[in-house]
1. Would you mind getting the accessible area per residue of the chain, heavy atoms of the protein chains only, 1.4 Å probe, in Å²?
2. Rounded to whole Hz and in sequence order, give me ³J(HN,Hα) for segment 461-477 from the Karplus expression 6.51 cos²θ - 1.76 cosθ + 1.60, θ = phi - 60°, writing x for Gly and Pro.
3. State, as an integer percentage, the relative contact order of the chain based on alpha-carbon contacts under 8 Å between residues 6 or more apart.
4. In debye, nearest 20, what is the charge dipole magnitude of the chain about its Cα centre with +1 on Lys and Arg Cβ and -1 on Asp and Glu Cβ, if you could check?
5. Report the accessible area of residue 479, computed with a 1.4 Å probe over the heavy atoms of all protein chains in place, in Å² rounded to the nearest 10.
6. What's the carbon and sulfur percent of segment 282-357's accessible surface, probe 1.4 angstrom, rounded to a whole number?
7. How much mean residue ellipticity at 222 nm does the chain get from its helices, if each DSSP H run of length 4 or more adds -39500 (n - 2.57) and you divide by all residues, to the nearest 500 deg cm²/dmol?
8. Does the chain come out rounded, prolate or oblate by the C-alpha gyration tensor, with a ≥ b ≥ c the root eigenvalues, rounded set by a/c under 1.5 and, if not, prolate when a/b is larger than b/c and oblate if not?
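The values are calculated or read from the model by the stated rules, or taken from the named source; none is laboratory data. As the structure is a computational prediction, the values presented were derived from the model and not from experiment. No Cβ is skipped: glycine too gets one built from the backbone with ideal geometry, and neighbour counts run over all protein chains shown. Remember, those area values only see protein heavy atoms, side chains included, never the ligands or the DNA or RNA. Shrake-Rupley method; radii C 1.70, N 1.55, O 1.52, S 1.80 Å.
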Amino acid sequence: MAAFVLLYFGWLGWNTLWSASSNARLVSVFEVDEFDHIVLLRTALSHGTLALDWSSYGHFFFNLALVPLTCLRWFHPVSDHDIILTLRLVALGAAAATTLLTFEIGMRYWGRAAGWLAALGLAILPASFNRWAVTSHPDSLQLACTMFSLYAACRLAESGEEKWFDASAVAAGLAFAAKYGGLLMLPLVVGIGTMVPANRRHQTATHGRTLLLVRRLVFLTGLVALIVSLSLSPSRRAPFGAREVQQAAAVLLLGIAMFPSFWRRLNRLAPASPRLLQAIRGVCLFWMAFVVVSPYSLNRLAFVSGMLAESHHIAFGNFFAAGGSAIDWLKIAASPDCLGPAVFGLLCIGLVWGGLRFWREHNRTLATPAAILATWTVGVVVFLMSRVHMREARYLLLILPSALIIASAAFVRMIEALAPRIRSRALGLTCIALVCAGASVEARAGISRQMALIHERKTEVQQSDAVRSGLWLETHVPCDARVLYDWYSY
């Protein structure tokens, strides 16, 4: 699988990453967000800082790109082309990691066939997955972190080892630092951590250990907030008064963390229940991961204002109130941009099948790999149907891997259940032929969509009227002329 992922995403990246990347103005013709990312990182590199003035989502995606770009800057000036290419490479690498994690989860819990089907389906079938894999946007990175969090949660349910709970909480925090939708993982991670039976969990979340973790979290938050506040240039700091309040709050947190008698008093209190301690531990690890990889999101609590703005944006719409009904989300999920009708049907079968098995069990628990993936998939869809009115396929990216794993597992189970009941050789061959024909149709349609994406990226500059207009202006208009332009113009 690793060889396939390397070859497939290498081929995809080679044919798409270079498209419309020579300068920032050309990038803005096709994707305004990519243009904003270039300007943001160009400013950060020129000042030699990680202080990003950005609140629409966390800074983890940008900070990952800034590391190689900063190293590159030591040898020669960094161009707009270098910046956009690095950002797209980060997104592509995250998509490749997501595919590997999808294969690992499917293979570990439902067999090698289910793992291969889920991974191949993710790489080939959904048009939206590869489109965002070659675009400068944190969706792919958020998805990779989310999948690792789900993988760690499955391992926790399987073995009960506390390290997997810690890994799941940290990965959820990284997903939140990539994009605020990662916050949806926190309730699931904490819930699974508290549901694993005590006799299967190597309990480390004791009262004293949890207090120590909280104390370290308070110290880390105060230290990062103080460093952020003091390191910003005057133009980037909070207004007078608010800046002082921010620094005072940071100093207060540091003082609380270093005040031993306060923590000794807390330690003498009656210890909380193990489940509450586990939940506190998960929230602390989640927050610590976010603070470490996206520290400047704490400046003026930018992540809070960004979350509120994004929440209003997805609930209302883009400039105008979004229409439609909640059922439209199911139609989008069944569209070629996401799962397609055949895979969506298998997903429904898998969810119903799993629900019936869950209902018939005597010791019902959500702390199983199948229940974890089903809860995540259904939970995200319910959230989208109830809260998000901007109905776009990219919001369903969060569930594509888990949905494909469930669908693949259902398909494998159906084959395994039907195979012993087929007595006739002719009937068996007919069933095999039908399955192969259906798979071929789906694969051909998926490959056609990916080839269409590559063709679009390769020819978008040549076919753009905006680019033609810009080139004509460059040739026929004097350099000192003033040109009135808007977004998506060159």
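1. Numbers: 23920 Å² over 490 residues.
So the chain comes to 49 Å² accessible per residue, rounded to a whole number.
2. Values per residue, Gly and Pro as x: 5, 5, 9, 7, 5, 5, 5, 4, 5, x, 5, 5, 4, 4, 7, 10, 10 Hz.
3. Values: 659 pairs, mean separation 106.7, N = 490.
Normalised by residue count, the contact order of the chain is 22 percent.
4. Working: 41 positive and 27 negative charges, 379 e Å.
For the chain, the charge dipole is close to 1820 debye.
5. Estimated to the nearest 10 Å², residue 479 gives 140 Å².
6. Answer for segment 282-357: carbon and sulfur cover 76 percent of the accessible area.
7. Numbers: 21 runs with 352 residues, N = 490.
Taking each H run of at least 4 residues, the total per residue is -24000 deg cm²/dmol.
8. Working: a/c = 2.12, a/b = 1.05, b/c = 2.02.
Oblate, since a/c reaches 1.5 and b/c is not below a/b.
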